[in-house]
1. Restricting to region A:338-374, what's the tally of residues that are more than 30 Å from residue A:920 (Cα to Cα), more than 14 Å from chain B (Cβ to nearest Cβ) and surrounded by 23 or more Cβ atoms within 10 Å (Cβ to Cβ)?
2. For region A:820-848, which positions are surrounded by fewer than 19 Cβ atoms within 10 Å (Cβ to Cβ), at negative phi and in contact (Cβ under 8 Å) with a residue 12 or more places away in the chain?
3. List pairs: first residue in region A:128-155 and within 16 Å of residue A:272 (Cβ to Cβ), second residue part of a loop (DSSP other than H, G, I, E, B) and among the β-branched types (Val, Ile, Thr) anywhere in the structure, Cβ distance under 6 angstrom, at least six positions apart or on different chains.
4. Give me a count of the residues in region A:325-337 that are surrounded by fewer than 24 Cβ atoms within 10 Å (Cβ to Cβ) and at the interface with another protein chain (Cβ under 9 Å from one of its Cβ atoms).
5. Considering each of A:588, A:649, A:599 in turn, give the residue that is over 23 Å from residue A:321 (Cβ atoms) and in contact with a strand residue (DSSP E or B) (Cβ under 6 Å, 6 or more places away or on another chain).
6. Looking at region A:767-798, which of its residues are part of a loop (DSSP other than H, G, I, E, B) and surrounded by fewer than 24 Cβ atoms within 10 Å (Cβ to Cβ)?
7. Scan A:871, A:912 and give me the residue that is modelled with pLDDT of 95 or more and out of contact with any strand residue (DSSP E or B) (no Cβ under 8 Å at 6 or more places or on another chain).
Amino acid sequence: MPKRTDLKRVLVIGSGPIVIGQACEFDYSGTQACKALRAEGLEVVLVNSNPATIMTDPEMADRTYVEPLTPDLVEAVIAKERPDCLLPTVGGQTALNLSVALAERGVLARHGVRLIGASIDAIKVAEDRLLFRNAMRDIGIEVPRSGLARSLDEALALAEDVGFPAIVRPSFTLGGVGGGIAYNVEEFREAAGRGLDLSPVHEILVEESVIGWKEFELEVMRDAADNFVVICSIENVDPMGVHTGDSITVAPALTLTDKEYQRMRDMARRIIRRVGVETGGSNIQFAVDPGNGRVVAIEMNPRVSRSSALASKATGFPIAKIAAKLALGYHLDEIPNDITRLTPASFEPTIDYIVVKFPRWNFEKFPQADRTLTTQMKSVGEAMAIGRTFKEAFLKAVRSLELGKFGSLFPAGPEDTADEAEDESALRRRLVVPNDRRMWALFRALRRGWSVEALHELTRIDPWFLRQFADIEALRKVAALGEFRDMSPELLRTLKRTGFSDGDIAAVHGVGEELVRQRRLEQGLVPAYKRIDTCAAEFESFTPYLYGTYEQACEADPTAKRKVVILGSGPNRIGQGIEFDYCCCHAVFGFREEGFETVMVNCNPETVSTDYDTSDRLYFEPLTFEDVMAIIERERQGVGGAGADVACVVQFGGQTPLKLALALQEAGVEILGTSPDSIDLAEDRQRFSQLLWDLGVPQPASGTAISRGEARQAAERIGYPVVVRPSYVLGGRGMAIVFDAGALDRYMTGAVDVSHDRPVLIDRFLEDAFEFDVDAVADLTGAVVIAGVMEHIEQAGIHSGDSSCVVPPFMVAERHLATIRDYTRRIARALKVVGLMNVQYALKDEVVYVLEVNPRSSRTVPYIAKATGVPLAKVAARISSGRTLAELGLVEDLEVHGVFVKSPVFPFVRFPGVDTILGPEMKSTGEVMGGAENFGAAFGKAMMGAGQRLPVEGRVFISVNNSDKQTVLPVARDLAQLGFTLTATRGTAAFLRAHGIDVEVVYKVNEGRPNVADHLVNRTIALVINTPLGRDSFFDDRAVRRAATMAQVPCITTLTGASAAVAAIKALRAETLTVRSLQDYYAGVETGA
Amino acid sequence: MNAILALEDGTWYRGVAAGAQGERSGEVVFNTSMTGYQEVLTDPSYAGQIVTMTAPLIGNYGVAAGDAESQAPQVAGFVMREESPLSSNWRADGTLRDYLVRHHVVAIADIDTRALTRVLRSAGVMRGVMATGQVDPDELVAKARAVPKMEGSDLVRGVTCARAYRWRERASAEGDAAHAEFGMPPCRRASRRLRVAAYDFGVKWNILRRLDAYGCDVQVFPAATPARELLAIEPDGIFLSNGPGDPAALHYAIDNVRQLVAAGRPLFGICLGHQILGLAVGGETFKLKFGHRGANHPVKDLDSGKVEITSQNHGFAVNPDSLPADVRVTHLNLYDGTVEGFRHTTRPVFSVQYHPEASPGPHDADYLFQQFLESMEER
C-alpha cells in the first residue's frame, strides 16, 4: 500500500534532557524520523526541551518548539499548530508517556490528532506489566511468575509467592528507575517502598528472579500488511540481573542454535502482533535458562530505543527512519535499503562481523554511590566497537571507553605486581556481585589461572564468552615471553588480528607504543576497512560506513577529494555528552558547504554523528591515536594510491579529540582551525597566566603543585578558600573547593593522579562571585563575534555545566559586560583562535576575572545557537576552513529575541545515598532550555523542563547557613507575600521571626518526629531552600536534600537560585505560559500571533 | 596446520585447517545465514560444493543430533573466518571440530571470508580446491580448473536413498523423532490419514519432519524410481524434494514428474523439486551468477501481497518466460525478481524455490505445508 494521503502535519515529541537511560539515541532516532517525514512531504511540528539536539535545529522541522515536555505545554503547541497526527514512538519513554497522558486527558480527541506508529492500547499492553503478562498468557508465551502490587502489604504477599531473590519493577518508569533485586525481606521492603513511590501510577511488579539466565533482545519491525522482520539479535554477555543498558552486549546473538533462535523469532512475531504494534519497531527481551533452553519473555518496548539505535548502527539498517515511513502507511517492501539501493527494506540484515557494546559509567563522580549493577540502569553512555571476531570487537570496545590508566585489562607492564595484593575472597566477590569493574576483575582472575568453569560458577557468564576472554589472556601470556625485539612477525600479526592495540602490546613488554607502531608498519601490518552493508557482502554497498580490522582486503576505496577528518566525542560521560556530538555534526555540515569531503570518526552508537547519513564517510572506530592515524593514512592514499589531501579537526568533539591533537600534529597531520599549540597554551597554567598578565586581564591568584608541601605553600600564598583540580580534565573531574590546610592535604593524598606533566592546579575561590560563560567565534583575520554572554544563576563554586544560566544576562551592569566582551576579543586574538572559544568569567567586588579559557567548542554552544538562531558550530567549521566572519555575514555580536534559560538535569534519583549538593565537579547528565519574554517565565519553563515542579502555593522549607541568613530575607518575604507558608528549623526560624516574617518551626531530622524528612515524604512541603555551601555539609542537610529528591520536591541549594525561583513562581502565578517556536523567535513574531 | 583454498581464477587463500585433513574440490559458494551451520553442513543440496559461511564465528554452540538434516555432512568442504574452540549449548553433544573430523570434512578457517565472498559475488561462483598441509597454491589452482563444472552434472544419484522407506519408521529408528519438534510450534494435523509419496533428490529431514507434523505418512522413494511405483501406493499427494546440482541433467526425474502431474494428484515441490517441476511442465532453468544461499531472502507472495523472509539454497532458477500459459508465477524474490514459486492453474500442483521447512532460517513459509495438506484433503 502506498503512503496514506490523509496525513499532512505531524507532531513529533522528543525525549527531553539527557538522563541515565535516555540519552542521545533519541536525538538520533528523532532526527531520522523528522528527516524521513519531511522527505515524504509532511510538515513536521517538533517539541523537545533539549536544545543540545540536532532534531531541534530549526532546519529539521517546519516548526520547532523547545518547550517543557508537559501535557499542558504540548497541548498549547497542538492548539497552535493543529497537527493531524502524532508520532509518539521516537522520543523514548518520555514521548510515549506524554502521548498517553495527552490521549487520556482528551487532548488528542479534542484537537483531532491521531496517533500513528503505536496505538494507546498497544502502548498500554506493552507498558502495563499486568496487561503484558496476561497478553503473553493468551498467546502461550511464558513470562516469569509475577504479580502487581499497589501497596507494601500486597507486595509482601507476592514476594512470598515468587520467593527470593525477587525482582521489583515499578510500572511506567524509565530505564528501570526504582527497580531492584531483593535477596531478603528487609531489602524487599525497601525496594518495594521505593518502587511504589517512584512509579507514576504507584504500582510495582514483583517478579520471579531469572538472575543468571542468558539474556537476549530482538529488534523487530512490523508494517501495516503484517510483514515482520528481525533487524538484529543482541546477546547480553552479562546474564539476567544486570540492566541491559549496564550490560556488555554483543550482536548478533552468538550462543543460540538456529532452532532456538527461530523459536525466539516466532515468539517475537506473536508478541508484536498480540501487543498490537501495527507499524514500526519494537524491542523484545527474552531470558533463556542455560540448563534447558526454557524461554521467558521479559518485556517489550513498542518504540525505538537505545537498543534499536545500537541495532541500527550494528547493522546499517536505519530503524527509526523506516519506522517513520511505516507509520505513514508504507510497507517494508516499498522502501528501498539505502545501503544496497537495489534491494528493499523487507529483509533481515545479516552481518559478517561482531559488534560489542560496552557501557560507560561515571561512578567516580558519585563516590558514595553503590557500584553494584542491578535492574536499574546506572551507566551514562556506551562505546560500540566492530571487529571480525568477538575478541577483536571486545578489545576495541574496551579501548574506546577512554578510561585512561584504568582502562587496560592487562598489567601496566612486565613489572606490574598490583594483582598480587588482592586477596582471593575480595576478587571472588568482585566477580560474584556485578559491578562496573567486573571485567577487569575477570581478567585478573584469568591471570591467576582461574578456570572457565570456576569463572562461570562465579559470574554465570556463558562459558563461550569466558573462553574468548581466556584465549585473549593466553595470547597475552605468549606475547610476554622473550623480548619485544624478538617477537615474530606471525605473533605480532596474531596479536593485531586478535584486537590488541599497539599500546597493549607495548605495555606487555614495557616498551614505548611508538616502537610497536614502527615494527608494525615495517611489517606492513595496517588495518583493512570493511563495509557495514546489511547483507554480508551479498550485494554491493553504496554507503562508505566502515570499520577497521586486520584482514586481507580493504574496501575503504578512498576518493581523491580534499577531505577533513572530524574526530567525534566518544562515549557519553558527564561533562562530555551530546553537546559535543551536536557540534561534530555541525562541523560536518559546515565543511561540506565548504566543499570538503567529510570523514567522521566516532565510537558512540547513540549519536547522530554515527548515522551513515550524516557525513560523507563514516569510520566506526575507537578514538585513539593508533586508530585515527590509520584512518588518516588510508584516506591519504586517495584513488589507487594517487594521494589525497587530508586535514583533521579537533575542536568540536570536546576533550576526546583534544587529547590527540598534539600527537596528530607531530605525526604531520594538518589540524584545521585553532592550532594545537594554542589549545595547549590555554590548558597550560603557567603559559596561560603569563598570557593574561601580558594582556592585562585579571585572573584569580593561582599556582600549581605536585606535592602536599607545594600545595600548602601555594594555598597560603593565594589565601583560602581555594579551588583545586587536576590538569586536563573536562566536567570538573576531581575538582574541589578547599577551605583549610587539612582538607588540602586530604585532597593531595586522595584519588587524584598527579605528575610533573600533570600538576594539581590551585586557584583562589571567589566566594559569592557571579559567573558568566561566553561563547565566541574568531577568524584568521582576528575578527571576533561574541555569540552570547550567559549569566550563571548559581554563584561561583558550582560547575558551569551544573549551573542554570540565562541569555541575555539579567543582573549585571553594562560596563562589566563591556569588559567581558573586550577581554574575550583580546584573548581570542592573543590565542590566535580560529573557530570557537569559550571563556568563563567571575565578577566579584566590581572586578571581572577570567577563570578559564577553552579555545574549542563548549557545552553551551548548542544552547546559544538555539537562542540566537545562528548555527555557531557550523560557522566555526567554515571559519576553520579559511572563511572569514565577514564573508559569512557575521560582523556584529549576536543578539537574542526573548530570554532563554538553560537548566541542568541530575541523575541523583538513581544513586540512593549520594548527596545532591552541587559543587565544582559536574554531576548533571543533560540540560533543558526554557524560552519566554521575561526571566521569570523562562526560568519557570526551564525548571519545568528539568522535571522540577515549582509550586505556586503550599509550604516552603527554608534552612540556610549563617552567612546566607541576611540574604535569604527578601526571598522569604516574597514567598510569604505570595501566600506560601514558611517553615524552618529553629535557627533559621528565629532569625526570620526576628525580622518580622511569620514562620513555622519544624524538627531537624535528628531532633525528633515528625521532622522535615517526614513532611517531605508526606508531600506536605512543596519547595526546599537549603544552602549548605561554604562549609562541610551536615548529615541533616544531606538527609533533607535526599528526601526532597526522592519525593521529587524541588530543592534549591543556592540563594541566587532561590531568588530566580521566586521570580519564576511569580511568573507562573501571574500568567499562563505560552509557547513559541524557534522559527517565530528568530522572525520576531509576537507570542500568540 | 596450514591449509589453502584455491580458485579457478588463480586467487588463493591461506588459512588453518579446521577439520579433517586432505584435499577436496567443488564449486565454491557462500551462505549468509548467521545461525544453522550444522543444518547447512548436512543439507544434501550442498553436495559437490565448498561452502563459505559469511558469519564470522562458527561452531559456538557445537553440534546436536537433532539439528542434522541428513545422516552426515554433505558439503565438499567448509570455509570459516574463526572456528570456536568450545561449544556452549545445553543441546550440544560435541564440538564442531570433532564432528568435521569424524565425518572427514575438510575445513579451513582464519581466512578473509568477506574478501572471498566479494570475489564470488562479482565473478560468480567458481570451482575450487582446498587442501591441508604443505601444498603448492599454484598446483591447487591448476586442479581447480580441472574440476568438472556443476552445469550438466547429476549430483542427485550421490545423495538419494538406496531404497524406499517410511519416514516415521526411520525417524524413530534414528531417534530423530525425539528432537523433531524443537523450535517449531505444533501445527494442525491432517483431518484424515494422508499418504505422501516423496521423491528423494537429496531431501532435508526437516521437510519430512514437517510433513509428519502435519499428520502425513511419508513414503520416501529413490530419485530414479519410476512414477508408477509412487502411484502404486495410492498416495494422497506427491512431494518433490530439494537436492543438489543442475536440474536439467535429471532427464529421468523430469519424465517421471511429467507423468505424475498428468496423474492429477496434489503435488508439491521444493527447491530442486520446483526446478524439476518447472522443466516437466515445459519450462527452462538457468544458472544464477552466485545463487541464493542464506536465511534472509525476501519473497513476495503475489496473491496475498505479503513478504516472507525465507531460507534459500539454490544455484539454478526457473525462467518465468519459459513457463506455459497454464502455469502462474505465485512468488517472486524481492532481491532480484527471480521466480520463487508457481502454481498450475488447472491442477493441484505447486512448488517453491525456497525452503518452507527452514532449518536453518525463519518459519514464515510454513503455511505452504498447510496448503499442500488442504489440497490433499480436498481431493
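The values are calculated or read from the model by the stated rules, or taken from the named source; none is laboratory data. As the structure is a computational prediction, the values presented were derived from the model and not from experiment. No Cβ is skipped: glycine too gets one built from the backbone with ideal geometry, and neighbour counts run over all protein chains shown.
1. Here is the first cut: in region A:338-374, the ones more than 30 Å from residue A:920 (Cα to Cα) are A:338-357.
Subset that is more than 14 Å from chain B (Cβ to nearest Cβ): A:338, A:357.
Still in the list and also surrounded by 23 or more Cβ atoms within 10 Å (Cβ to Cβ): A:357.
Of the residues in that region, 1 qualify.
2. If we filter region A:820-848 for residues that are surrounded by fewer than 19 Cβ atoms within 10 Å (Cβ to Cβ), which is where we start, we get A:821-822, A:825-826, A:829-830, A:832, A:844-847.
With the extra rule that they be at negative phi, the set shrinks to A:821-822, A:825-826, A:829-830, A:844, A:847.
Hits for region A:820-848 are A:821, A:825, A:826, A:829, A:830, A:844, A:847.
3. Between residues of region A:128-155 that are within 16 Å of residue A:272 (Cβ to Cβ) and residues that are part of a loop (DSSP other than H, G, I, E, B) and among the β-branched types (Val, Ile, Thr), the close pairs are A:136/A:143.
4. Total meeting the criteria: 2.
5. Values: A:588 fails: over 23 Å from residue A:321 (Cβ atoms); A:599 fails: over 23 Å from residue A:321 (Cβ atoms).
So the residue among A:588, A:649, A:599 that is over 23 Å from residue A:321 (Cβ atoms) and in contact with a strand residue (DSSP E or B) (Cβ under 6 Å, 6 or more places away or on another chain) is A:649.
6. Residues of region A:767-798 part of a loop (DSSP other than H, G, I, E, B): A:767-769, A:779-783, A:793-798.
Hits for region A:767-798 are A:767, A:768, A:769, A:780, A:781, A:782, A:783, A:795, A:797.
7. Numbers: A:912 fails: modelled with pLDDT of 95 or more.
A:871 is the lone residue from the list that is modelled with pLDDT of 95 or more and out of contact with any strand residue (DSSP E or B) (no Cβ under 8 Å at 6 or more places or on another chain).
Residues are listed down the side, and each one gets a yes or a no for (1) in a helix (DSSP H, G or I); (2) within 14 Å of another protein chain (Cβ to nearest Cβ):
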{"residue": "A:428", "(1), (2)": "yes, no"}
{"residue": "A:442", "(1), (2)": "yes, no"}
{"residue": "A:449", "(1), (2)": "no, no"}
{"residue": "A:469", "(1), (2)": "yes, yes"}
{"residue": "A:478", "(1), (2)": "yes, no"}
{"residue": "A:482", "(1), (2)": "no, no"}
{"residue": "A:490", "(1), (2)": "yes, yes"}
{"residue": "A:503", "(1), (2)": "yes, no"}
